[in-house]
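**Q** Starting off with a structure, shown below.
The values are calculated or read from the model by the stated rules, or taken from the named source; none is laboratory data. Since the structure is predicted, the reported quantities are computational estimates derived from the model, not experimental observations. Positions of Cβ are backbone-derived with ideal geometry, glycine not excepted, and every protein chain shown enters the neighbour counts.
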Amino acid sequence: MSPPTNVLTIELPIEGLPALTDPTDEFADEARFLLALKLFEQGRISSGKAGTLCGLGRVGFLVAASRAGVPVVDLSESELAEEFAP
């Protein structure tokens, strides 16, 4: 994967974060995933953009989102009925 051309840096006070017992890289990866997950859950970004944001790719992100308890399919009852109709 090539490095991103545009990067957003967010400054956070260390005092406001949980104890950093994990290596910094692992914490940064988790923070990127959680941001992508929340933006996806709110419908603000697509699963593809979320996967790119956290470095998992679309399918990897959808699997991880599902494991985190976030619905990855948002269909109405009629759409579900149509999807699964014989």
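**Q** Suppose we filter Leu39, Leu80, Leu75, Leu20 for residues that are surrounded by 10 or more Cβ atoms within 10 Å (Cβ to Cβ) and modelled with pLDDT of 95 or more; which single one remains?
**A** When all the criteria are applied, what remains is Leu39.
**Q** Take the residues in the stretch 53-72 that are over 9 Å from the mean Cα position of the chain (by Cα) and assigned to a helix (DSSP H, G or I); name whichever of them is surrounded by the fewest Cβ atoms within 10 Å (Cβ to Cβ).
**A** Ranking the qualifying residues of the stretch 53-72, first place goes to Arg67.
**Q** Then there's this: What number of residues within the stretch 23-36 satisfy the criterion of being free of Cβ contacts under 8 Å to residues at least 12 places away in the same chain and either surrounded by 13 or more Cβ atoms within 10 Å (Cβ to Cβ) or of a type in the set (Gly, Ala, Ser) (or both)?
**A** Counting residues in the stretch 23-36 that are free of Cβ contacts under 8 Å to residues at least 12 places away in the same chain and either surrounded by 13 or more Cβ atoms within 10 Å (Cβ to Cβ) or of a type in the set (Gly, Ala, Ser) (or both) gives 3.
**Q** Something else: Can you tell me which residues in the stretch 61-79 are in contact with a helix residue (DSSP H, G or I) (Cβ under 7 Å, 6 or more places away or on another chain) and either more than 28 Å from Glu11 (Cβ to Cβ) or hydroxyl-bearing (Ser, Thr, Tyr) (or both)?
**A** Across the stretch 61-79, the qualifying residues are Leu62, Val72, Leu75.
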